[in-house]
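Notes to accompany the following structure.
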Amino acid sequence: MLGVVFVNEYVRRVKTKTFVLTTLLVPLAVVGIIGLVGGLISHSVESESERIRQDGIAVLDETGQAMSALREAAAADGEEYRLVEVFGPVERAKQAVLEGRQQALVVLPRGLVEESPAAPIAVYVKTKQSVLTERAWRSLILGAVREMRLARHELPPEALATLRERLAFDVIEVSEEGDRSGSIETSGAIGTAIAMAIFLFATIYGGSVMQAVMEEKSSRMAEIIVASVGAFELLLGKILAVSAMAATQVGAWLLLLLVGGVALGVAVGFSGFEGAVGTGAGEQAADQLPFDLPAVRWDVALLVVLMLPLGYLINASLFAALGAMHENPWEAQMSVTVAMLPMLLAIIVAQTMVFAPNGPLVAFGSFFPFTAPAILPARMLLADMPVWQVALSVALTVATTVGMVWLCGRIFRGSLLIYGKKLTWRELRQVIVAD
């Protein structure tokens, strides 16, 4: 009977117009929103840069020697800023910015080249600029000043080239399987992304299970179905059907992403695309990244495949139990907010575990079944966990998942006997222990 419930629920959900429209339109909407936002941001930054280039940047050079170095640095970097040298007191130069006659004023203080530590460089603006603009200014000005400070020491060209050389810094983990390289920051970012994906999957589709349970209670159809199927089989069938629906939807999105990527490659020219791949352009692009990509961890990938459905089942069972306990959707949603706290804790821990991957909080989160689906894969990327710890965490999560599904089935069965009000804690204890 479990198979009958599963097939019926799955077919009923995937045949709805909402499922079809969301599966097809959500990827297009996401791509469209990203493209629109990216285009607007790019247009805004370009407009801001063009306005600054046309209006110029005022430079008050109290050193008497930095202006020429600043122009040379701007020309070398390809920046077409119109640098206007101004004289006089700083307050009078600031008044020009206040009145809108200048977009920005750069004050290079006396002793900037000779003194150490030197006085800070000040940039005065009337309105705040974008982050990219501020970074460009900082790079341009500090680079010019740095070159001037180096030139003051009259170092030979070989020494200057050595100082300007960009050095590589690799952290390599030694293991029996071989050396593995990769920055801990990059591994931490990947771990956080995994935790976030598990959290979103569990909460979004777990909410669908809660809604399905509340619909069954409000329609009273569950009482008729339970007479022949059983509450546990009915609830488990719904949970598995929603999980299959989620897998179908995510699979469709990945397929659309793959087809879109291939179509984009064909649109830009397959021969050029193939040539770029064949010449190792991907490896060259990876070498130019400011961080090291970690080695592929197939054990972590397999663990994610295992923990993702377990995390979903735990949260789906919890959400279903909360839906069965309440009649009012608003009250059920408030309870779900409290139930989501463990997963929110997992996200916070995943973002901070780079500082102490073997700390007590991270270790507890990797074994606590309600946070382990998100914490354990992320911790494996950052710490050398023994096999028995991973096996213990997975075993605890599996046992908790089975227990949560069983407990939720008992609560769902008891809630069918009470109509028009939510289960009290006393009634909840009675329906759990009842035969």
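For MET214, the test of being in contact with a His (Cβ under 8 Å, 6 or more places away or on another chain) and modelled with pLDDT of 70 or more is passed.
Whether a residue is surrounded by fewer than 22 Cβ atoms within 10 Å (Cβ to Cβ), without any contact (Cβ under 8 Å) to a residue 24 or more places away in the chain and assigned to a helix (DSSP H, G or I) was assessed, and VAL338 passes this test. Has segment 311-320 got any residue that is modelled with pLDDT of 80 or more and not in a helix (DSSP H, G or I)? Within segment 311-320, none of the residues are modelled with pLDDT of 80 or more and not in a helix (DSSP H, G or I).
Mind listing whichever residues of segment 385-432 are under 30 Å from PHE364 (Cβ atoms) and either modelled with pLDDT under 75 or not assigned by TED's automatic domain parsing to the domain that holds PRO309 (or both)?
Once the filter is applied, which keeps residues that are under 30 Å from PHE364 (Cβ atoms) and either modelled with pLDDT under 75 or not assigned by TED's automatic domain parsing to the domain that holds PRO309 (or both), segment 385-432 yields TRP425, LEU428, ARG429, ILE432.
For beta carbons closer than 9 Å, sequence separation of 6+ or different chains, a first residue in segment 2-28 that is touching a residue at least 12 places away in the same chain (Cβ under 8 Å) and a second that is surrounded by 13 or more Cβ atoms within 10 Å (Cβ to Cβ) and assigned to a loop (DSSP other than H, G, I, E, B), the qualifying pairs are LEU2/VAL229; LEU2/GLY230; VAL4/VAL229; VAL5/VAL229. Closer than 23 Å to ALA244 by Cα and either more than 26 Å from the chain's Cα centre (by Cα) or assigned to a helix (DSSP H, G or I) (or both): which single residue out of VAL31, VAL20, VAL37, VAL97 fits that description? After ruling out the rest, the residue left standing is VAL20. Among the residues making up segment 42-94, those that are of a type in the set (Asp, Glu), outside any helix (DSSP H, G or I) and over 19 Å from SER139 (Cβ atoms) are GLU62, GLU85.
Sort out which residues of segment 118-135 are out of contact with any strand residue (DSSP E or B) (no Cβ under 8 Å at 6 or more places or on another chain) and in contact (Cβ under 8 Å) with a residue 60 or more places away in the chain, and write them in order of number. Within segment 118-135, SER130, LEU132, THR133 meet the criteria. Filter segment 118-138 down to the residues that are β-branched (Val, Ile, Thr) and surrounded by 13 or more Cβ atoms within 10 Å (Cβ to Cβ), then identify the one that is farthest from LEU108 (Cα to Cα). Among those residues, the one meeting the criterion is THR133.
When the residues of segment 367-403 are filtered to those that are part of a helix (DSSP H, G or I) and aromatic (Phe, Trp, Tyr), which remaining residue is surrounded by the fewest Cβ atoms within 10 Å (Cβ to Cβ)? Outline the logic, then answer.
Step one: filter segment 367-403 for residues part of a helix (DSSP H, G or I), giving 367, 372-382, 387-403.
Among the residues that remain, those that are also aromatic (Phe, Trp, Tyr) are: 367, 388.
Details: PHE367: 15, TRP388: 8.
In this case the residue turns out to be TRP388.
The values are calculated or read from the model by the stated rules, or taken from the named source; none is laboratory data. Model, not experiment: these values are computed from the prediction. Cβ coordinates were reconstructed from backbone atoms using ideal geometry, including for glycine residues, and neighbour counts include every protein chain displayed.
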